[in-house]
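The structure appears below as structure tokens.
Any read-out appearing in this document is the output of simple, stated calculations on the displayed coordinates, not a laboratory observation. Bear in mind the structure is a predicted one, so any value in this text is a computation, not a measurement. Note: ideal-geometry Cβ built from the backbone for every residue, glycine included; neighbour counts use all protein chains shown.
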Amino acid sequence: MESVFRSIVLSVLFLASLTNCQEGILHISDGVTQREFCIVHNHSWTPLAQSLDAATQYPLVNLTSQLLCNSSGVTPVNGKAVVVMRGDCDFSQKALTAQELGATTLLIASNKTLVTPSANESEYTKATIPLALMRYRDFLEAQKVFTGDMEVRLYAPPQAKIDPSILVMLLIAVVTVALGGYWSGACERERLSSGHDDGGRGESKADSSEVSLYSPLKVVVLVLVMCGMLVLMYYFYKYLVYVIIVIFCLASANALFFCFDALLDIIGCGTVRFSVRSWNFSVRSIILASVCIVIAIIWGVYRNEDRWIWILQDILGIAFCLNFIRTFSLSNFKICVILLSLLLLYDVFFVFITPFFTKNGVSIMVQVALGPDASGEKMHGNMVEVPAEPQPPTEKLPVVMRVPRFSGLAQNLCGMQFSILGYGDIIVPGLLIAYCSRFDVLVNSRWKVYFISCCTAYLMGMIVTFAVMLLSGMGQPALLYLVPFTLITSAVVAGCRGEMRKFWTGTSYEVLDSSREPLLSEGRTERAIEGDKC
């Protein structure tokens, strides 16, 4: 009974989240063949049926030789749909003329960008027939497909605000930060174990590629450099975008290699080694490197193929984030607080404040992340724009996870749309989660309480981020919610366990130029220190 009740509640929430969109579908058939094309309409002006079965079918009359600004010289078309060309007069005038001729539906073929039709409030009551814009090239294509009479139906399926792609994005983000944090903790455990075995020298494979951030001054400099790079990308996008693409290919291929290598180590896959002169080679490493390089090259070559390349971009992006979280460590909670707080201000400033200074009113962050043609972010309210002709691909920075929206057939006909999440929204909180994971190792936390609680806080922060985004109808700086959730949760856990001083001071990554003593000496465990006291 309880499961049935939950299903009903979820169904009600889903249906309540449906919204009428301004893109629709033009269904054309001749009794044998059928095709569907994109149309743009104004639901407030001329609402369409919500399904194909509910839509009324009308024979289509080709009047593309007419602009239909008046009815003179035009044969009446009683009970039929008509298609005319765009131009010379308002949409409302064309609609009124079509009504006068007895038309039941008006299609306006356009060679220009399709925009949501609009009219004065007084015109709404006068025009009673459905009106929609379609691409003129689509009509020419339909004429080639259908050589005989065409029957048309117009409908606009309601779009779910809570698209399943958001859930996929949430899963990607949470799994990535959790795996990255766990990997960092495993490297810490290996480092301590290896350091204990070699007499305290602390030399191990886990240390060789790690970078530690320990100085507040370096944190400030790092954030200032990020600000400068973002501004440079805004002004010199068309040049620097190719530099970033090349760097991403190299870095993601390298990261993917380490991820696959670690996975094969877990599986227990062996390797064969051989030597050429003084050089030692591993067969497994050569094969893995070749595969990773090929994947990165394929992405680089086909990076503008929206239909499928997002899969490779997400795979490379996940590997990049995982490897970054593993290799880039924060030495103590104080550094975590400083870095995450500054990046929170950075995110909010470049998303919410910069639109007041840019010429087109688009935030620098959105402009750089989505590219100069980020038209979807420039629209206001329910207004949409659909290009009438195929647009040349524009280069975009590979700095976001992309998942195509699963709902909204009309939207996919008009142009593939994606849910996106920046790498920074995964990496920045992921660094704190990695610190919590390493701290669990250092204090011998049996249940990994810091790691689990911080991952849970990240999940809650992401849910709040998506909820605010859906309610406000606009993109959100995710760090605005993720940083407070993760920092406060971590601090509360440390305070409740009476370990705040240790948590604040840091791990064994504290370096020599720090004014404080490290929490644990290099290569020694807490148990070893207790043995010294005895």
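In whole Å, how far is the Cα centre of region 248-308 from that of region 406-485?
First find each Cα centre; the distance between them is then 28 Å.
Residue by residue through region 134-147, which ³J(HN,Hα) values in whole Hz follow from phi under the Karplus form 6.51 cos²θ - 1.76 cosθ + 1.60 (θ = phi - 60°), with glycine and proline marked x?
Those phi angles translate into 9, 6, 5, 5, 5, 5, 5, 5, 4, 5, 6, 6, 9, 7 Hz.
Using θ = phi - 60° and the Karplus relation 6.51 cos²θ - 1.76 cosθ + 1.60, list the HN-Hα couplings for region 321-337 in order, rounded to whole Hz, with x at every Gly or Pro.
Per-residue couplings from phi come out as 5, 4, 5, 5, 4, 5, 8, 9, 10, 9, 7, 7, 5, 4, 5, 4, 5 Hz.
HN-Hα J couplings of region 465-478 from phi, Karplus 6.51/-1.76/1.60, θ = phi - 60°, integer Hz, Gly and Pro as x?
Each residue of region 465-478 in turn: 4, 5, 5, 5, 4, 5, 6, 8, x, 9, x, 10, x, 4 Hz.
Set the Förster distance to 45 Å, then compute FRET efficiency between residue 418 and residue 501 from the Cβ-Cβ distance, nearest 0.05.
With R0 = 45 Å, the Cβ-Cβ based efficiency is 0.50.
Amide H neighbours of residue 24 under 5 Å, at least 5 residues apart or on other chains, H built in the peptide plane: list them.
Long-range HN contacts for residue 24: 39, 40, 41.
Taking a quarter of the surface of the Cα convex hull of region 21-158, what do you get in nm²? Present the calculation step by step, with values, prior to reporting the outcome.
Numbers: hull surface 31.1 nm².
Projected over every direction and averaged, the Cα hull of region 21-158 covers 7.8 nm².
Given a Förster distance of 35 angstrom, what is the FRET efficiency for residue 128 paired with residue 468, based on the Cβ-Cβ distance and rounded to 0.05? Walk me through the intermediate numbers first.
Values: r = 39 Å, r/R0 = 1.12.
Efficiency at R0 = 35 Å is approximately 0.35.
How much length would be gained if the chain were fully extended between residue 282 and residue 305, taking 0.36 nm per residue of separation minus their Cα-Cα distance, in nm to one decimal?
Stretched fully, the residue 282-residue 305 segment lengthens by 4.8 nm.
Hey, fewest Cβ within 10 Å first, where do 184, 331, 194 land in order? Present the calculation step by step, with values, prior to reporting the outcome.
Values: 184 28, 331 23, 194 17.
So the ranking, lowest neighbour count to highest, is 194, 331, 184.
Which of 76, 58, 87 sits closest to the plus end of the dipole of region 21-158, meaning its Cα is farthest towards the positive end, when Lys and Arg get +1 and Asp and Glu get -1 on the C-beta?
Selected residue: 87.
Calculated FRET efficiency, residue 271 and residue 89, Cβ-Cβ r, R0 60 Å, to nearest 0.05?
It comes to 0.20.
Quick one: order 435, 346 by neighbouring beta-carbon count within 10 Å, fewest to most.
Lowest to highest Cβ neighbour count: 346, 435.
What distance in nm separates the two pseudo spin-label positions at residue 262 and residue 32, each 7 Å out from Cα along the beta-carbon direction?
Modelled inter-label distance: 5.9 nm.
With +1 on the Cβ of every Lys and Arg and -1 on the Cβ of every Asp and Glu, and nothing else charged, how large is the dipole of region 21-158 about its Cα centre, in debye rounded to the nearest 20? Walk me through the numbers on the way to the answer.
Working: 10 positive and 13 negative charges, 45 e Å.
I would put it at about 220 debye.
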